[in-house]
Structures are given as structure tokens and as C-alpha cells.
Amino acid sequence: NIIFLADLHFCSFLFIFFFLAVLLFRTRVQKNIQKIKTTEENFGFIPKRKFAFFCFFALSLLQIAILILCRTDIPLLSPWQAIHPWYLYNFFLLTFVLGIIFFSKVSYQAKFLCIIAYSLLLHLYLPLVHELPWGGDVWRMIGVEQKLSAGEVILPAFPQSIINPYKYTYGQTWGLMTLLSETLHVSLENLHQWFMAIFWGIFLPVISLAL
């Protein structure tokens, strides 16, 4: 049926993408890590201070707490209508602490983990500040994905699907979200709300290291 074919197609796509990413980035990442290892002692000029890591952890928790306290379910045009100004003040302070850690004489693993945590915080304001996913287009996509989950056929829209190549990505997104929802037993609303924030928050630093 349609769902089985979509699941099979996107499982294959995910496995192929994963192994290609490993093959393409493994050598380059190893080279970059080796360069960092050989230069990190010369790169860092601030003495190692555990207090900086404590401040980073505390400020990160404070960021999350501010967003949770600002969480709402009322209609908004922008998340910044609900986010308290203290979030921005804390963000700049967190950035300053991350800079101290980055230029400190600590291992590259510790710096990289802090960068990933910082990247996640930069993306989590969207799912944390509101009960529902952001954007109008996401609800249309959820509607299509619900039809796929029910086994209905989604026919291509001609001639838009031929004239506009970017519309090809819709099919990939629909199939991927449907597959993840059925596999993880997570609602499509929660999946659209959290998936991209967590995905980009983690993979952007990893891709940056690879490049």
C-alpha cells in the first residue's frame, strides 16, 4: 500500500544519506580534529576555569526556564511577542561565556559539546514558547501527512509539480514525517514542532566541523 511504499522509500533514503554522509565527512572530520588537537594548546590563551562551565550550564538552564515560563497557547504573529526581554539579555551573557570557553585552554571535545548545546538553545525557542507548531504552511503539510497515514493517495499537482522543482521536496518531507510519526508513535503536530529545531541544532555544528 501507499504507506508501506513511502516507508520503504524513505527508510532507504535515510540509510543511503547516512552512509554517504559518513563516507564523505569521516576523513575530513578526522583531519580537522587532528589539526585541532595539535593546535588547541597554542589556540587557547585563557586559563582553564571550571567556573566558566558552571556559568554556561546555569545560564542554559535559565534560558530554558524563561522560555517555559513564557509558553503560551494564544494566537501570535511572532514568538517574540511572548518571549520576555530577559531572554535576550541572558542570551548575550551566554554568548560571552561561550566565547571565554572557546578561547580557554580546554579540550576541543568540551568546546564542541558547548557549541552543540548553544546551537540547540538557539533553535529551541520556537517549540518551547508555544503549544503549537509555527507557520501556516505546516498545517497544510500535517493535513497531507494525515492522509498518507490513513493510506490515501496524494496525486501530484500538474503542471506546478513540473514547473516548480522545489515542490519535489514536499513529497520527501511528507514521507519522512509520516514515517517518523508512525515509527516513533509521535503525533505529527509534536513532530513538526520539535524535529527541525533539534535536527538543525545538532547537525549544523557537526556539518560545520566537517567542512
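The values are calculated or read from the model by the stated rules, or taken from the named source; none is laboratory data. Remember, it's a predicted structure, so these values are computed and weren't measured experimentally. In this analysis, Cβ positions are derived from the backbone assuming ideal geometry, glycine residues included, and neighbour counts consider all displayed protein chains. The protein model used for the area step is the full one, side chains on, heavy atoms only, and it has no ligands, DNA or RNA in it. Shrake-Rupley method; radii C 1.70, N 1.55, O 1.52, S 1.80 Å.
The table below lists the values:
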item	result
Cross-chain or 6+ apart pairs with Cβ under 9 Å, the stretch 127-145 first and on the phi < 0 side of the Ramachandran plot, then open to solvent by less than 20 Å² (accessible area, probe 1.4 Å) and not in a helix (DSSP H, G or I)	Pro127/Pro133; Val129/Ile83; Trp139/Pro133; Ile142/Pro133
Considering residues of the stretch 99-113 that are part of a loop (DSSP other than H, G, I, E, B) and surrounded by fewer than 18 Cβ atoms within 10 Å (Cβ to Cβ) only, the residue modelled with the highest pLDDT	Phe103
First in the stretch 64-88 and farther than 10 Å from Tyr125 by Cα, second anywhere and among the basic types (Lys, Arg), Cβ under 8 Å, 6 or more apart	Ala82/Arg71
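Yes/no matrix, rows are residues, columns are (1) exposed (fewer than 14 other Cβ atoms within 10 Å of the Cβ); (2) within 23 Å of Leu191 (Cβ to Cβ):
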| site | (1), (2) |
| --- | --- |
| Ala58 | yes, no |
| Leu62 | no, no |
| Val97 | no, no |
| Leu121 | no, yes |
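Matching residues to (1) touching a His at 6+ places or on another chain (Cβ under 7 Å); (2) assigned to a loop (DSSP other than H, G, I, E, B); (3) modelled with pLDDT of 85 or more; (4) hydrophobic (A, V, I, L, M, F, W, C):
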site: Ile115; (1), (2), (3), (4): no, no, yes, yes
site: Pro127; (1), (2), (3), (4): no, no, yes, no
site: Gly151; (1), (2), (3), (4): no, yes, no, no
site: Phe158; (1), (2), (3), (4): no, yes, no, yes
site: His192; (1), (2), (3), (4): no, no, yes, no
